[in-house]
């Protein structure tokens with residue numbers, strides 16, 4: 001209210017001042033005489049003031065017309081003007097609208113519409129760094145791989161979009177199965193952006209598939225440095241790579257370097273079973289048995305495994321079965337209730353011909369968690385105690401259809417491996433193998449039972465009734481006897 005009143009008062013004051021000034025000029029005497037073409041013009045002071053105002057207005061109009069004429073000439077000449085800027089803004093608006101519609105079409109899965117909008121956006125915007133990327137992705141979605149590759153190659157030529165182009169072609173080569181070319185492109189993309197996590201993962205995977213363990217370890221170090229990998233995961237994967245590298249060196253015949261790599265792998269990840277086994281065997285070769293015992297026991301404390309038991313047996317290959325039972329007590333006191341520990345103790349007692357002790361060691365394992373290995377051990381115990389062939393065949397018949405127990409299973413695809421590998425042979429995932437029981441529906445190959453001869457070692461035949469030929473039992477269990485009649489006869493004999 002006060003502000004409105006103030007504005008009214010100011011306006012009235014200005015009008016009053018102008019009125020007073022005009023009256024003063026009209027009453028003022030004198031003036032000016034202008035002689036133009038022999039004619040004299042007498043001008044009062046008021047007329048002079050009005051004339052000057054009109055002259056300024058005319059000058060302003062003239063300058064505006066002159067600037068308009070210059071703008072038209074510039075427009076005709078092709079220079080940027082207000083008119084050209086208007087048309088440019090209009091084209092830019094249409095281009096960005098087409099680009100936005102293309103991105104929406106791409107997000108909705110309409111590749112053809114996205115390509116059409118990308119072409120329209122390129123027509124209006126002339127910004128290939130934006131439209132080429134949309135075109136490439138739309139072409140991939142539409143199934144036009146040739147168009148997509150051509151567009152990605154255009155992106156490679158521009159330094160600002162080179163990484164995007166290299167990455168796009170790399171993913172195309174991966175989809176085509178051309179891993180050699182994809183590896184080269186991944187290395188190039190990694191050189192352009194070392195901190196790009198997806199590129200690091202792809203490069204690491206391809207290097208592991210190609211058994212470039214040294215290169216993979218460098219990539220893994222870069223992942224740790226960039227902060228895209230936790231330190232504990234880095235140690236585990238570094239151990240896997242060191243172990244894989246030691247295997248490769250061992251195959252080349254360089255035992256010293258292989259032993260060092262195996263020892264390093266075990267140091268990085270003491271719970272990595274293959275690393276512990278290889279490190280222990282390297283210590284055994286160097287006659288450092290105490291180190292081997294320490295390595296194996298530490299791994300056993302994390303997870304009992306038959307390969308650890310086999311390596312532990314290899315420390316003293318000439319000992320008697322009774323001596324072996326006493327020495328293994330230091331190992332089996334950890335995880336005494338574990339299924340692997342129970343079966344190991346049973347196998348040791350079978351080798352010592354103490355079949356009642358073997359039965360006690362098994363406990364209720366065949367009732368609570370029966371598998372092919374535990375049932376085969378029970379067949380050996382029954383045969384050792386003098387049971388009939390029918391009873392033994394009954395246990396073996398159950399073993400044929402029982403689960404095979406823990407094995408090396410890929411966490412990503414559930415593929416089963418006979419031996420540990422750093423890369424899954426089915427889905428090519430890196431460091432995904434775990435020692436566990438596979439899904440029941442999976443067809444599996446026996447592995448655990450094959451450890452029996454390794455743990456028993458090259459012992460003499462101590463059996464009184466020629467019944468503890470464990471290798472024969474293993475062979476009979478491993479034979480793919482799926483003949484229904486044979487299995488049926490074995491079951492009938494067992495029942496009799």
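Each value in this text was obtained by applying a stated rule to the coordinates, not by laboratory testing. Since the structure is predicted, the reported quantities are computational estimates derived from the model, not experimental observations. Quick reminder, even Gly has a Cβ in these numbers, built from the backbone with ideal geometry, and neighbours come from all protein chains shown.
Enter the Cα centre distance for the pair the range 363-393 and the range 1-15, rounded to the nearest angstrom.
112 Å
Tell me whether the range 202-323 comes out rounded, prolate or oblate; compute the Cα gyration tensor, take square roots of the eigenvalues as a ≥ b ≥ c, and use a/c under 1.5 as the rounded threshold.
Values: a/c = 2.81, a/b = 1.86, b/c = 1.51.
Prolate.
Given a Förster distance of 45 Å, report the FRET efficiency between residue 368 and residue 235 from their Cβ-Cβ distance, rounded to the nearest 0.05.
0.80
Sort the range 61-193 into rounded, prolate or oblate with this rule: let a ≥ b ≥ c be the square roots of the eigenvalues of the Cα gyration tensor; rounded if a/c is under 1.5, and if a/c is not under 1.5, prolate when a/b is larger than b/c, oblate otherwise.
Here the range 61-193 falls in the prolate category.
With a 10 Å radius around each residue's Cβ, average the other Cβ atoms per peptide and rank 49-60, 118-129, 233-244, 206-217, highest first.
The densest-packed peptide leads the list: 233-244, 206-217, 118-129, 49-60.
Using alpha-carbon positions, what is the distance between the centroids of the range 298-362 and the range 101-138, in Å?
A separation of 67 Å, based on Cα centres.
Can you bin the range 261-371 into rounded, prolate or oblate? Criterion: square roots of the alpha carbon gyration tensor eigenvalues sorted a ≥ b ≥ c, rounded for a/c under 1.5, prolate for a/b above b/c, oblate for the rest.
Oblate.
Given points 7 Å out from each Cα along the Cα-Cβ axis, report the residue 411 to residue 126 separation in nanometres with one decimal.
Reported label-point gap for residue 411 and residue 126 is 5.5 nm.
What is the extension gain from residue 2 to residue 93, computed as 0.36 nm multiplied by their sequence separation minus the C-alpha to C-alpha distance, in nm to one decimal?
28.2 nm
Could you rank the peptides 149-161, 296-308 by their average count of other C-beta atoms within 10 Å per residue, with the highest value first?
Going by the mean number of other Cβ atoms within 10 Å, highest first, we get 296-308, 149-161.
If you average 1/r across every pair of different Cα atoms in the range 100-173 and take the reciprocal, what Kirkwood value do you get, in Å?
Working: mean 1/r = 0.0845 Å⁻¹.
Computed over Cα pairs of the range 100-173, the Kirkwood hydrodynamic radius comes out at 11.8 Å.
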